[in-house]
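Structure record follows, encoded as structure tokens.
The values are calculated or read from the model by the stated rules, or taken from the named source; none is laboratory data. In this text the structure is predicted, and so the values were computed from the model without any measurement. Here the Cβ positions follow ideal geometry from the backbone for every residue, glycine too, while neighbour counts run over all protein chains shown. Heavy atoms of the whole protein, side chains included, go into the accessibility calculation; ligands, DNA and RNA do not. Shrake-Rupley method; radii C 1.70, N 1.55, O 1.52, S 1.80 Å.
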Amino acid sequence: MISNFVIGLDISTSCTGVSIIDSSGIVQHISYHKPKGDTLVEKTKNFQKYLVDFLDVHNLKNPSAVFIEQNLQRFRRGFSSAQVINKLARFNGMLSYVTYEMFGIIPFYINVNEGRKALGIKIPRGSDTKELILEWCQLKQPHLEWPTKKLKSGPRKNLVILDPCCYDMADATITALAGLKLHDIA
């Protein structure tokens, strides 16, 4: 059992990345959850049950901190619409409240750019940010096993690739590691 750990979350209505990191900065567990339900309330209750079960399976009780990737604050051409940003902000708030109710601690919100900067991660202009973040996590935490999936159709049929939720797990890991560094949680 890990006695002193933090939780990192990358919240999305389609896939939420989860990372458990001990106080020395070693990632102990990574996971993801695809919340089920038609409404945000159903998805929130579904995530809460998942988190309770996940922590129970790993014999984890009370984290020192919860770090959540800050939701989008503004528009970027070609990216999320106002409706999507609003929905993500509401879901982020709902899961933030769930973690507060579960652990009695107010979560910290980590801006992605500040988090990357704190960890010394530089993303060259024009690069695939998601790929570089995942590669960084794989390099820094080589002991982790990332989930894969087998393609069922198309020209790459039967090819085994990393599951797309690995990007969310990597973001949750960056969020937690940056939170540890920025907030000096011991």
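Scanning the range 117-135 for residues that are under 22 Å from C15 (Cβ atoms), open to solvent by less than 50 Å² (accessible area, probe 1.4 Å) and not in a loop (DSSP other than H, G, I, E, B) yields T129, I133, L134. Looking across the range 137-162, just one residue is open to solvent by less than 20 Å² (accessible area, probe 1.4 Å) and either assigned to a helix (DSSP H, G or I) or farther than 11 Å from I30 by Cβ (or both), and that is C137. The set of residues in the range 98-113 being exposed (fewer than 13 other Cβ atoms within 10 Å of the Cβ) and either in contact with a Ser or Thr (Cβ under 6 Å, 6 or more places away or on another chain) or modelled with pLDDT of 95 or more (or both) consists of E101, G104, I106. Pairs please, first residue from the range 116-133 and closer than 20 Å to A176 by Cβ, second anywhere and aromatic (F, W, Y), Cβ atoms under 7 Å, 6+ apart in sequence or on different chains. Within 7 Å, the pairs are I121/W136; K130/Y167.
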